[in-house]
Amino acid sequence: MKGRNATQRDFINGLLFSSPWILGFLAFSVYPLISSLYYSLTKFNAVTAPQWVGLDNYKDIFSDPLVWKSLGNTLFMAFVSTPINLFVALLLASIVCADFKGRGFVRTAFFLPSVIPMVAATMVWIWMFDPTYGYINNVLSWFGISGPAWLMDAHYTKWALVLMGTWNTGTMMLVCMSALQSVPRSYYESAEIDGAGKVARFFYITVPCIAHVLVYQAILSTINAFQYFQQVYIIISANAGVKGGSAAGGPENSILMYPLYVFHNAFTYLKMGKASAMAWLLFIIVAILTVFMTKVTRKVTENAGGE
Amino acid sequence: MKNSISKVLFFALVALLALIFISPFMVMVLTSFKTNNDAFTIPVKLFPRVWVKENYPAAFAAIPYFKYMGNTVFITAISLIGQLLVTPMVAYSLVKIKWKGADIISGLVMATMMIPITVTMVPLYKIYSKLGLTNTYIPLILPAFFGKAYYIVIVRQFFAGIPNSLIEAGKIDGATEFQRYYKIALPLCKPVLTTIGIYAFLDAWSDYLYPLIFITKPGMYTLSLGLQQYMSEYSVDWARLMAAAVVFVLPVIVCFAVFQKNFVEGIATSGLKA
C-alpha cells in the first residue's frame, strides 16, 4: 500500500525524531560502557593516562576481602529487603484498595515518602535512629525495650536500612494497587458463592492474577538493590563527621555497599582501573538479572493467560 | 457484632500505619521548631518544649542557602525544558511513525534503564574532566536534552493509546510529519507531559549523585549537596538541619499536592506495562 518513497520518508523521519535519543545513547551509554571495559584493564588515577595492566585489576578484586564484604552487604539488601518491601507494598496496596473513609489521606501518607528528596529523607532517618536522642529508641522505651544503636552498631546497621526501605515502598504500592484493581470483581463474587473465605480468595484468586506484577517488581527491586548506595554514602559521611573518623564503610564496614566501594575506589582512592573492573562485574550481574526478569515475567504472564 | 470488631481493628491498624508513615515528616517539622538544647534533652519530646523559629534564619545564614537554591532552580529549570522538548518527539517516533528502527530503539530504550550508573560514572567523569567541564553544570544538564528512558516509556505508552486515525487525518491535508507531530500529537499529550514534567522536576531537584561527582566547588553546590554542610562538623545542629530540610522539601510536597493524580497515573501505567 505504501510506496517506496513513503517508506523511505518514514524511515528518515523516524531516524530524525529519535536522533536525540540515539546520540545520547551513544554518548551516555555505549561510549561509557566500552571505555569502562577498557579502563578495567588499565591502571590510572584522575590525572595520569591509563596504563595497560591486563587482568591485574580483576585479580586484585578477587583477592580484596572488602570486595566480598561489600558484595555480601549488597546481596543482603537484595534478598532481605526485597521480599520485605514487596510484602509491605502489597499490604499497603490492599489497604488503600479497600473502601473506607479517609482512604485518600491514607494513600497520600503511604506514597508521600517516595517523592521526598533522598538526601532530606535520609537525614531525618539518621536523626530518628540516634541511639540516645532519636525518636525510634524513645518510642521503644515506652514498651520497656532498650533500642540498639542502629546506625552505629554493625549488627543493626543493615536492619536500619531495611526499615528505611519499607518507608519508601510507595511506588511499589501504587503498582500493586493498580494490579489489584485490575482483578475482575466477578472472580471474587463467584468464589464467594462457592464459599471461599477471605484468605482462600487472596491466595487462589488475587495472587495468581497479579503474580506477573509481583515477579516483575521483585526482580526490579533486586536490580535496584545492586545500585543502592547514595543513602549509605550520606549516613557514613554524617557519622564520620560526628565521630571525627573517616570510616569508609560504616561500623565494621557493615554498610559498605558494592557500588559505594566502587565509588570510593574511583573517587576517594583514585584507583579508577580497579573501580572500572568492579563496575563491570556489577554490570554483568545486573545484565543477567535483567534477562532473567524478562524471561520469568513473560513466563508468569503466559501461565496466567494474560496479555 | 463480629463485623464491627474487625472494622475497629482494621481502622486501628490503618491509623497506626498512617501515623508511622507520616511520623518522619512530623519529626522533621517539629524538630525544626526546637532549640538545639531541646532536641538534645532527655526525655525526648515530640513537640518542642518552647517553640522557636530562629532555626530558619540561622540555617539560611550558616551556609549560602539561597545561592544553592538558585543553583538548584537553574539546573532544574533547564533540565525540565530539555526533557519536555525531547521526550515526546522520541516517543512519537517509536509508535506513530512506521519505520524499521522503531522496535529496535524501543528495546534499547528499555535496556538502558538497567545500566547501572556505577558503570558509566568513571568514563563520564574522565571525559568531562578532560573537556574541562567538571565544576560546570553541563554534566548535570546535558543528559536532559537527549531523552531519559523512563520518561520515553511513559509517553510512548500514552501515544500508543491514541488512535492512528486521529494523527493520519493530517496526512490527507498534506501536512509533513513534523507538522502532524507538532500540531496534532503534541497538544493531545498535554496530560502525560505534565506527568513527566513533574518527574523531571523531582529528579533534577533531588539529584544527589551527579552533583556529588561533578561539582566540588562549594559555591556551585546544589541544595542536596549543601545540606551535608550542616553535618561536616563534629556535632550536628539537628534543629537547623531540619529547618533547612523543610524548606528544601516544601516545593516537592506542594508539587505533589497539586499533581497527585498525575503521579499515580504515571506510575500505574509505566510500572505495570513497562
inquiry  = What whole-number distance in Å separates the alpha-carbon centres of segment B:106-146 and segment B:160-230?
reply    = 17
note = Computed for B with A: buried accessible area summed over both chains, 1.4 Å probe, rounded to 100 Å², at 8100
ask   = Which loop-located trypsin sites (Lys or Arg not before Pro) does segment A:36-127 contain, where loop means any DSSP state but H, G, I, E or B and the Cβ has at most 15 other Cβ atoms within 10 Å?
value = A:Lys101
query = Dipole of the protein assembly as shown, Cα-centred, from +1 at each Lys and Arg C-beta and -1 at each Asp and Glu C-beta, to the nearest 20 debye?
reply = 820
key: Full-stretch length increase - A:Ala154, A:Trp142 - with 0.36 nm per residue and alpha-carbon distance subtracted   = 1.9 nm
inquiry  = With +1 on the Cβ of every Lys and Arg and -1 on the Cβ of every Asp and Glu, and nothing else charged, how large is the dipole of chain B about its Cα centre, in debye rounded to the nearest 20?
reply    = 380
Greater than 21 Å apart at Cα, pairs in B:Lys96/B:Lys171; B:Lys67/B:Lys126; B:Lys67/B:Lys261; A:Lys69/A:Lys271; B:Lys96/B:Lys148 = B:Lys67/B:Lys126; B:Lys67/B:Lys261
inquiry  = Please report the net charge: other residues with Cβ closer than 15 Å to the Cβ of A:Met173, K and R +1, D and E -1.
reply    = +1
key: Around A:Phe100: net Lys/Arg minus Asp/Glu count, Cβ-Cβ under 12 Å   = +3
note = Under 5 Å from the placed amide H of A:Lys43, counting only residues 5+ away or on other chains, we find A:Gln51, A:Trp52, A:Val53
remark   = Over all Cα pairs of the protein assembly as shown, the Kirkwood radius sets Rh, and Rg/Rh then becomes 0.97
query = Leaving out ligands, DNA and RNA but keeping every protein chain, what accessible area does A:Glu192 have, in Å² rounded to the nearest 10, with a 1.4 Å probe?
reply = 110
For the protein assembly as shown, with +1 on Lys and Arg beta carbons and -1 on Asp and Glu, the positive-most of A:Trp127, B:Pro218, A:Thr297 along the dipole = A:Thr297
task = Putting +1 on Lys and Arg Cβ atoms and -1 on Asp and Glu Cβ atoms, find which of B:Met69, B:Asn36, B:Leu16 reaches farthest to the positive end of the dipole of segment B:1-147.
result = B:Leu16
key: Distance (nanometres) between label positions extended 7 Å along Cα→Cβ at B:Gln179 and A:Ala98   = 5.8
query = Lys/Arg Cβ at +1, Asp/Glu Cβ at -1, dipole of chain B taken about the Cα centre: which of B:Ile172, B:Met110, B:Ala144 is farthest positive-ward?
reply = B:Ile172
query = How much length, in nm to one decimal, is gained on full extension between B:Leu84 and B:Met110, taken as 0.36 nm per residue of separation minus their Cα-Cα distance?
reply = 7.4 nm
inquiry  = Using the Cα centre of chain A as the reference point, and only Cβ charges (+1 on K/R, -1 on D/E), how large is the resulting charge dipole? Debye, rounded to the nearest 20.
reply    = 540
Links that overshoot a 27 Å alpha carbon limit, given the list A:Lys295/B:Lys100; B:Lys130/B:Lys217; A:Lys274/B:Lys130; B:Lys53/B:Lys217; A:Lys101/B:Lys34 = B:Lys53/B:Lys217; A:Lys101/B:Lys34
key: segment A:56-303 - Rg (one decimal) and Dmax (whole number), Cα, Å   = 21.0, 68
request  = Name the helices (complete DSSP H segments) of chain B with a Cα length along the long axis of 18 Å or more and a Kyte-Doolittle mean of at least 0.5, or state none.
outcome  = B:2-31, B:65-95, B:117-130, B:190-206, B:238-273
inquiry  = Could you check the spin-label model distance between A:Glu302 and A:Ser186? Points 7 Å from the Cα along Cα→Cβ, value in nm.
reply    = 2.7
ask   = Which of A:Leu163, A:Leu90, A:Leu23 moves the most in a Gaussian network model of chain A with Cα springs under 10 Å?
value = A:Leu23
task = Quote the FRET efficiency, to the nearest 0.05, computed for A:Asp194 versus B:Asp103 with a Förster distance R0 of 41 Å and r equal to the Cβ-Cβ distance.
result = 0.40
query = Given only helices, namely DSSP H runs of n ≥ 4 each adding -39500 (n - 2.57), what is the per-residue ellipticity at 222 nm of chain A, to the nearest 500 deg cm²/dmol?
reply = -20500 deg cm²/dmol
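The values are calculated or read from the model by the stated rules, or taken from the named source; none is laboratory data. Since we're looking at a predicted model, the values are computed, not measured. Don't worry about glycine lacking a Cβ; one is built from the backbone with ideal geometry, like all the others, and counts go over all protein chains shown. Protein only, heavy atoms only, side chains kept; ligands, DNA and RNA dropped before computing areas. Shrake-Rupley method; radii C 1.70, N 1.55, O 1.52, S 1.80 Å.
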